Amino acid sequence: IDLSADGSTVLAMTQKPPWKVFLWKRNGGLQDLGSLNAIHLFSFTAKLSPDGSGIDGFYTESVGESVGSVDKLFRWTQSGGLQSIHDFPIADSNVEVVSADGSTVAGTFSVQRRNQYDFYGFRWTQG
């Protein structure tokens, strides 16, 4: 799904439940980062920090017919593990950029209003 700037780290995910996220490092092999807490996963997008030490991304899961779906912003760090950061009760969210140290994430999301979509940008910072 993503590759570090120097090509030494690869981010991947299983295509069936349980939705496991993995890192492969040239000098460390395959590492299981844990499972996303989702029963029905519709989409997954993530970015590695340039040095491959952190991951920030979104996944979309169904939360029932009456509610629809929720986009969940998540992050992974060696010290904190896989954590949900924020829920967006909307569709089509994407992480576009992650800062070098992984503490700042910028992206886009859209909200459907009647027959049109409104597009927005967001910035999330740690702390």
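The values are calculated or read from the model by the stated rules, or taken from the named source; none is laboratory data. Just so it is clear, the structure is predicted and the values come from calculations on it, not from any experiment. Here the Cβ positions follow ideal geometry from the backbone for every residue, glycine too, while neighbour counts run over all protein chains shown. The accessibility values were calculated without ligands, DNA or RNA, using every heavy atom of the protein model including side chains. Shrake-Rupley method; radii C 1.70, N 1.55, O 1.52, S 1.80 Å.
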Are there any pairs, at least 6 apart or on different chains, whose C-beta atoms fall under 8 Å, with the first in segment 109-127 and open to solvent by 60 Å² or more (accessible area, probe 1.4 Å) and the second part of a loop (DSSP other than H, G, I, E, B) and basic (Lys, Arg), and if so, which? none
Can you pull out the strands (runs of 3 or more DSSP E) entirely within segment 35-127 that have at least 2 residues that are modelled with pLDDT under 75 and in contact with a strand residue (DSSP E or B) (Cβ under 7 Å, 6 or more places away or on another chain)? 41-48, 54-62, 69-77, 91-98
